[in-house]
Structures are given as structure tokens and as C-alpha cells.
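Engineer: Mind having a look at this structure? Questions to follow.
Coordinate-derived values only; no laboratory data. In this text the structure is predicted, and so the values were computed from the model without any measurement. When we count neighbours, we look across all protein chains shown, and the Cβ atoms used for this are built from the backbone with ideal geometry, even at glycine.
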Amino acid sequence: MAADNDTISGYAAAFEGFEAALNGGARSPLHARRREAIARLQEHGLPTARFEAWRHTNPAPLASGCFAPVMTAGKLSAEAIRPFVVSAIDGPLLVFADGQFVPGLSRVSDLPDGVQVHSLSAPGSGTAAIISGNLAALTLGAEHGFAALNTAFVRDGAIVTINAGCTVDLPVQILHVSTGQAGLTTPRTLVVAAAGSRASVVETFASTTSGAGVLTSSVAEIVVGAGAVVEHTRIHLHGAESLHAGTLHVTEAQDARFTAHTFCLAGRILREDVHTVLRGEHIESTLNGLSLPLGDDHVDNYTTIEHVAPDCSSHELYKGVVGGRAHNVFRGKIHVHQAAQRTDAYQSNQNLLMSDDAEINSKPQLEIYADDVKCSHGSTTGQLDPDALFYLRARGVGLQQARGVLTRAFAGELVDRLQHEGLRNHVERLVSTRLDAVLADQGEAR
Amino acid sequence: MLKITNLHATVEGTEILKGINLEVAPGEIHAIMGPNGSGKSTLAQVLAGHDAFTVTEGTVRYENEDLLDMAPEDRARKGVFLAFQYPVEIPGVNSAYFLRTGLNEVRKARGEEEIDAYDFLALIRAKMALVEMDESFLKRSVNEGFSGGEKKRHEVLQMAVLEPRLAILDETDSGLDIDALRVVANGVNQLHTPQNSAIVVTHYQRLLEYIVPDYVHVLMGGRIVRSGGKELALQLEDRGYDWIREETAAAAATTQPAGA
Ligand SMILES: Nc1ncnc2c1ncn2[C@@H]1O[C@H](COP(=O)(O)OP(=O)(O)OP(=O)(O)O)[C@@H](O)[C@H]1O
Ligand SMILES: [Mg+2]
């Protein structure tokens, strides 16, 4: 039972109000999921500081006190979302304001062959089966209560399906924008990539305000079919005061290739749980992450890679550039089941501390039950290489610029891993702007 | 151009340079030789402004300014160039970007316009031809995975691009095959004008057949213990350093009988 009963009963009461407002919607299969979720939330509660999984992130700001669910979407203009849209990508675009689909700002017609995009509030023919077969299928048993919180209050979301054997060249963009309304918003994404398909999905979380009092509890579920190649990018550009607890859950079938990129660029507290399960043989799975907290920001990437079947490989690289009094946390669990022989797993976490008050926690966690595996991990934390700094300065590059060059190179490794050029350039700009701010936040100048 | 007077420097509390005196006039080439650990690289790094070394005594004037008072980048912008004995690897920063960034800083300091990508390419192609380096290096991370000789050529390339007034080459010839040696020497000689000077640290008289020095100095125990013309290098090649060590000790004994 949750330590904070008031919070949970607050959410239970809010749920009753939500349900009453749904009218006929309360009988839909989606609502059945919501009911399961609120029941689960009431049973298990939200995390407390005693949870091992929340050792380095105090859940209280996110989990104690009920954030009233935001029920109506605030206004959003094309102008306001422009900085968050990758203009170089002229493909499908789904825009959500405070968790609710905004058709007028989205681009969901004239789609490339083989891809369907829908919003959960207006599912198309054929998507009903996909929703009932997949939505919350991966996250109902998720470790922490935020996935249940999202499901309980989910009103809308993005559903992306890619037909078997189809290649979608342009990334599908999903934009979750908070208009600054205080309370809980629940962005939701479901991607189902059928066997042999290829697709890329980009989710951006953004805010038109500083986001004080905004809690975003997001869930994305991705089903990667046999032999499918899927790239998923999450860009966190929340308001500077925003709170976010996100869950990304992935299931991969044999011969799949899946890559996730997580860019934690802005937000007061950002917690991201990533869990991918490699269920078939010969899967190649990659998790990339870049976190750039500053000021009093707190970022926690809590990742789990589960090797269930033999002959798969996984690679994980998370980097942080940490300024001010910010705190960057990484947990990387690699769970190799007994049957997952000949697993090849590599994990690396690297941090640059840009100020004396910046803090990191890095924890690899290898649980290996098979005997024939190659598993390795490494973690480094430090300052910029003084020899490299001197080398640049000896060529006329000023100290501040030299710091910028080296920091950008460090972060650039993750930007360079993005496949689509337009997306890569977009993220490079965002990262560069953010790095300037992180670099400026050195505490005591040295 | 450069005047070093009674320069003392320490690293982590140990004195390495113990009173260096050296004057370099415009257009001159000075060679510095000396046994391992005698302080040659320390001198070079102190001149370039490495903060691992603390200057405890003495002065360095460069073009009538206090060199020691300048940040490393300002020294570079004013035309001081150090070719590193051990060039540093910079993962993720490609050579073209590195070269162009440095060049633009130096150009700005000279009051010139920044060079655009197009003109830079033309310039860099010419310079790469001079040091016989393949253009593919431009896309590679600075020094990462370069062979020893490639790193040294890359140093000479940087020098050719930045066109310094005072080039300090710290064992740029070490580990080079005979062709590369010629290339390095070419690079230095191309820059050599009546205004530009060079200090060439080397262990081998071989290099001095290509880069003909006006003076040869022997650095030993943190001091310049002997200076001469280019024939001094030949003598060192023949006889090693022991005779200088002995003569220096004898001289010290006569001038300071109470010492030792
Ligand atoms: N960062 C450092 N920390 C401690 N000692 C150092 C450091 N740098 C140089 N030294 C010491 O200073 C002395 C002089 O070193 P330096 O590199 O100047 O010699 P050198 O004349 O260039 O030798 P070589 O011919 O081998 O290149 C050596 O004893 C060296 O170990
Ligand atoms: Mg040396």
C-alpha cells in the first residue's frame, strides 16, 4: 500500500469524476484498461523514497500530492510549436496539447504507403483491434505506479502502425506540448511495427511555459515485429520547472533491430524508465541517451534490457554533461535469462561534470543466468581533458570556446547516431543551445 | 623577437628549468639539443603557456611584450606555435574543424576576416599537398588513430596553416622515416622568412642537414650549458653528451670551489 494514502484517494476521486464525464465512452475497451489501471494504482500506489528503484531520485515531488488531471486542452498555435517541429521532415505529424490531439496542427493525411497514424480519441477502422490487443499490454505490470497513473487518466494518444514489409522513410513526428496548465497530463504513444517493416518515430515533449506545477506522466509502448527495424527518439524539452515521469516499454521479436535515443534537454525533474525485452533470436537492440541537466535539474534514466532469447546483442550508451547543482542518475540493468545463451551486451555511462556542485550516480546492474555470454560495462566521470584544452588553446582557441568544442564533441557522439539527417540537424541545434547554457552554469568559474 | 632571461620553472614543486637564457632574433633558427629529461619540452611548453608548469623566476619577452603574462590562446594568436612532442588526441573533433577554428581565431587577432568553408578547403588542400598528407585526414578525429609519423605531419600541417612568427618544434623529427623528415623540413623552410624564427628541439643532427640552424644550444639539467654553430650538432653526434657534462662540471668547480 502506498505510504501516501491521500494522494491515491485524491486520484481515485478524480477518476470517478473523469469516468462520469465520459458518458458512453465508459463502456469502451479503452476504459476497461483505465479501470484496471486505477485499481492497480490503488493497490500498489506510487513510489516512495524507500523504493530501491528510486534510491537517487526523491519521488516525493512527483508522487506525494495529487496533481489534478488536466481535462481540457489549452490553446496552441502553429507559431508556438514551430521550434519543436523538425521542419526538414515533411512526414506524418501528430500534435497534442495537454495530452489532447489537435487535428488542425497535425498532418495525418496523404501519408506514405504502409503507415497509419491515429489518435486514441478518434481511432480508425482496424485500429480498435490494435488498441485492444496492445495498449497497456506491456506496461500493466510495470515496476512503478506512474505507468498505471498514465493509463488510468489517458484521454488521448498517438497510434502508429506500420504494415508488414513496409519501409517508411520519413520519421513520424509526435509532439506533446504542455500549454502550462498545472496538473497531470498523460501523453500516450503506441507503435506497432509489423514484421519486416522499417520506421522511425520521434516524440518531442515541449512546453510553451516554464511548466510550474505540471506533472507529465507519459507512456510509450513499442511492438517491434520479426525482422523489423525501428528507431525511436524522445526529445525532452519540458519547461524548466516541469516534472516528468516517463515509461518506454519495448518488445522485440526475432531478427528485429531497435534503437532508442533519449535526449533529456530540459525539465526540473525527468525520470525515464526504459524497458526493452528481446524475445526472439538474433535481435540487435541499442539504447542511447544524452542528458544535459543544469541549475537544480534532476535527471534519472532507469533502464532495463532483458535478454530472453539466445544470440542477441544489446548496446547501451548514456552520456551526461552536468552543470550547476544538477544531478544525473543512470541505472543500467542487463538481465540475461538462462535461455539467452551467447548474449552479447555492452553498456557504457560517461559523465562530464561542468561544475563542482554537479553530481552523478551511475549504477550498472548485471543479472546473468546464462553461462555463455559476453557482458561488459564501463562508467567514467570527470572533467574535460586538460591536455586537449591546452592543445586547442595553443592553436588560438579561447578557453571558453575550447570547452565548448570539447563538450560538443562529447555530446555529439549521441547526436551523430541519429539516422535521419534532418532530425540530426534539428537535435544538434537543440543540444548546442542547451550545452551553451550548461557550460555557462559552472558554479565557481575556474 | 624572443628574449628569455634567467627562466626558472617547476612542475609539482620540482624545479626543472634552472635559469635559461636565450635570445632569438627575427629570421633565426635555433636548435636545442640535450639528453632525455633535461627540460627541453618543459621549456617549449612554458613558452606555449601550459599551466602544469609554474614559472618561479625570470622573464620572457616576445616582440616586446611579456609572454608569460599571456593566456596560451593569446600567444598563439600573436604568432607563437608549438609543435607538440606528443600531439593530443581529440575524439569527436575532426581535423578540418580543428584547423579552421584555430585559423579563424588567429586571423581575427591579425585583423583579417574569417575564412569561409570554401576558401578554407582550397587553402587546406594546398597545405596538405605541402606536407604530403591525404585529404581523408580532414574528416578524422584529431590525432585519433594517427600513426606516430602522421601525428607529426599533422603538427607541421597546423603550422603551415597558422603561419606563425615563432615556431617551436619539439622533436617533430622523432619517429619519422627519411621521407617524412624531408617533408617536415620543407614545412619549416617554407615558413622561414627574414621575419620568422624557429626553435627546433631535436636529438638528431640529421634534421639539421635539412633545416640549417644559425645556432645550436645544449640544454642539460635545466640550463643551456653550451651554444655554438651547426658544427656543435655534429660534435654531439660523434661524441655524445659526456664531454660537455664533464667540462661543465669542471667549469663549475673552478668558478665555485666551495660548491659541489
Ligand atoms: N607533468 C610532470 N610531472 C612531473 N614531472 C614532470 C612533468 N613534466 C615533466 N616532468 C619532468 O621534468 C623533467 C624534464 O622533462 P622534459 O619533458 O622537459 O624533458 P626533455 O628534455 O623534453 O626530454 P626528452 O628528450 O625525453 O623529450 C623530466 O625529469 C620529467 O620527468
Ligand atoms: Mg621532450
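Engineer: Taking H as built 1.01 Å from N, whose amide H comes closer than 5 Å to the amide H of A:Val336, not counting residues under 5 places away?
Structural biologist: Under 5 Å from the amide H of A:Val336: A:His307, A:Glu367, A:Ile368, A:Tyr369.
Engineer: Now a separate question. Can you order the peptides A:6-13, B:112-119, A:329-336, A:241-248 by their average number of other Cβ atoms within 10 Å per residue, highest first?
Structural biologist: Working: A:6-13: 16.6, B:112-119: 10.8, A:329-336: 22.8, A:241-248: 24.6.
Descending packing order for the listed peptides: A:241-248, A:329-336, A:6-13, B:112-119.
Engineer: Within 10 Å of each candidate Cβ there may be at most 11 other Cβ atoms; applying that plus a DSSP loop requirement, which GluC sites (Glu not before Pro) in region B:1-71 survive?
Structural biologist: Details: sites: B:Glu12, B:Glu15, B:Glu23, B:Glu28, B:Glu57, B:Glu63, B:Glu65; in loops: B:Glu12, B:Glu28, B:Glu63.
Loop-located and lightly packed - B:Glu12.
Engineer: Take the alpha-carbon positions of region B:2-255, form their convex hull, and give its projected area averaged over all directions (one quarter of the hull surface) in nm². Please report the intermediate quantities before stating the final value.
Structural biologist: Details: hull surface 56.0 nm².
Convex hull of Cα atoms, orientation-averaged projection: 14.0 nm².
Engineer: Could you tell me whether region A:292-372 comes out rounded, prolate or oblate from its Cα gyration tensor? Rule is a ≥ b ≥ c as square roots of the eigenvalues, rounded for a/c under 1.5, then prolate if a/b exceeds b/c, otherwise oblate. Before the final figure, lay out each step's value.
Structural biologist: Numbers: a/c = 3.89, a/b = 3.32, b/c = 1.17.
Prolate shape, in that a/c is at least 1.5 and a/b is the bigger ratio.
Engineer: Hey, if you put +1 on the Cβ of every Lys and Arg and -1 on every Asp and Glu Cβ in chain B, which of B:Leu121, B:Ser141, B:Thr254 ends up farthest toward the positive end of that dipole?
Structural biologist: Checked the options; the winner is B:Thr254.
Engineer: Can you tell me what percent of all Cα-Cα pairs in region A:60-160 are more than 20 Å apart?
Structural biologist: Values: 2583 of 5050 pairs.
Tail of the P(r) past 20 Å holds 51 percent of the pairs.
Engineer: What nm value, rounded to one decimal, do you get for the distance between B:Glu65 and A:His31 when each label is placed 7 Å out toward the C-beta?
Structural biologist: 7.7 nm
Engineer: According to the square roots a ≥ b ≥ c of the eigenvalues of the Cα gyration tensor, what is the shape class of region A:71-383, taking rounded for a/c under 1.5, prolate for a/b larger than b/c otherwise, and oblate for the remainder? Kindly include the intermediate steps, with their values, before the conclusion.
Structural biologist: Working: a/c = 1.81, a/b = 1.09, b/c = 1.66.
Oblate, since a/c reaches 1.5 and b/c is not below a/b.
Engineer: Please work out the ratio of the alpha-carbon Rg of region A:1-116 to 2.2 N^0.38 Å and round it to two decimals. Could you put the intermediate results ahead of the total?
Structural biologist: Values: Rg = 18.8 Å, N = 116, 2.2 N^0.38 = 13.4 Å.
Output field value: 1.41.
Engineer: Residue by residue through A:400-412, how many Cβ atoms from other chains fall within 10 Å of the Cβ on average? Don't skip to the answer; put the middle values down first.
Structural biologist: Working: counts 1, 3, 4, 0, 0, 6, 4, 1, 3, 9, 3, 1, 3.
Rounded to a whole number, the mean comes out at 3.
Engineer: Enter the mean projected area of the convex hull around the alpha-carbon atoms of region B:111-230, in nm², rounded to one decimal. Provide the component values of the computation, followed by the final result.
Structural biologist: Details: hull surface 36.7 nm².
The orientation-averaged projected area of the Cα hull of region B:111-230 comes to 9.2 nm².
Engineer: Let me ask another. From the P(r) of the protein assembly as shown, can you give the percent of Cα pairs sitting at distances over 41 Å?
Structural biologist: Across the protein assembly as shown, Cα pairs with separations above 41 Å total 43 percent.
Engineer: Tell me, what HN-Hα J-couplings in whole Hz come from the Karplus equation 6.51 cos²θ - 1.76 cosθ + 1.60 at θ = phi - 60° for each residue of region A:56-69, using x for Gly and Pro?
Structural biologist: 10, 10, 6, x, 3, x, 8, 10, 10, x, 8, 8, 4, x
Engineer: When Cβ neighbours within 10 Å are restricted to other protein chains, what is their mean count per residue of peptide B:93-101?
Structural biologist: Working: counts 9, 1, 0, 0, 3, 6, 1, 0, 7.
Per residue, the number of nearby Cβ atoms from other chains is 3 on average.
Engineer: Another question about this same structure. Evaluate Rg over Rh across region A:167-252, taking Cα atoms for both radii and Kirkwood's formula for Rh. Can you show the working numbers first?
Structural biologist: On the way: Rg = 14.4 Å, Rh = 13.6 Å.
On the Cα set of region A:167-252, Rg over Rh gives 1.06.
Engineer: OK, next. When a/c reaches 1.5 or more, the comparison of a/b and b/c decides; with that in mind, is region A:294-446 rounded, prolate or oblate per its Cα gyration tensor?
Structural biologist: Values: a/c = 2.30, a/b = 1.95, b/c = 1.18.
Because a/c hits 1.5 or more and a/b exceeds b/c, region A:294-446 counts as prolate.
Engineer: Taking the alpha-carbon centroid of each part, what is the distance from region B:179-243 to region A:110-126 in angstrom?
Structural biologist: 75 Å
Engineer: Using the structure shown, list the pairs from B:Lys3/B:Lys78; A:Lys333/B:Lys139; B:Lys78/B:Lys152; B:Lys40/B:Lys230 with a Cα-Cα distance above 25 Å, or answer none.
Structural biologist: Long pairs (Cα-Cα over 25 Å): A:Lys333/B:Lys139.
Engineer: Can you give the Kirkwood hydrodynamic radius for region A:126-184, in Å, rounded to one decimal and based on Cα pairs? Don't skip to the end; give the middle numbers.
Structural biologist: Numbers: mean 1/r = 0.0699 Å⁻¹.
It works out to 14.3 Å.
Engineer: Here's something else I'd like to know. Divide the volume of the convex hull of the Cα atoms of region B:148-209 by its number of residues and quote the answer in cubic angstrom per residue. If you can, show how the numbers build up before the last one.
Structural biologist: On the way: hull volume 4.5 nm³, N = 62.
Residue-normalised Cα hull volume stands at 73 Å³.
Engineer: What average number of partner chain Cβ atoms lie no more than 10 Å from the Cβ of the residues making up B:142-150? Intermediate values should be presented prior to the final figure.
Structural biologist: Working: counts 5, 2, 0, 0, 0, 0, 0, 0, 0.
That average works out to 1.
Engineer: Same structure, new question: For every other residue with a beta carbon closer than 15 angstrom to the beta carbon of B:Glu135, add +1 if it is Lys or Arg and -1 if Asp or Glu, then tell me the sum.
Structural biologist: On the way: positive: B:Arg100, B:Arg125, B:Lys127, B:Lys139, B:Arg140, B:Arg153; negative: B:Glu132, B:Asp134, B:Glu150.
Charge balance in the 15 Å sphere: +3.
Engineer: Let me ask something additional. To the nearest 10 degrees, how steeply does helix A:421-440 sit against the main Cα axis of chain A, on a 0 to 90 scale?
Structural biologist: For helix A:421-440, the angle is close to 60 degrees.
Engineer: From largest to smallest, what semi-axes in whole angstrom does region A:224-293 give when each is the square root of 5 times an eigenvalue of its alpha carbon gyration tensor? Write down the numbers at each step before the final one.
Structural biologist: Details: eigenvalues 157, 21, 12 Å².
Ellipsoid half-lengths, sorted descending, are 28, 10, 8 Å.
Engineer: Ratio to report: Rg/Rh of region B:52-164, with Cα atoms as the point set and Rh obtained by the Kirkwood method; give two decimals. Walk me through the numbers on the way to the answer.
Structural biologist: Numbers: Rg = 15.2 Å, Rh = 15.2 Å.
My calculation puts Rg/Rh at 1.00.
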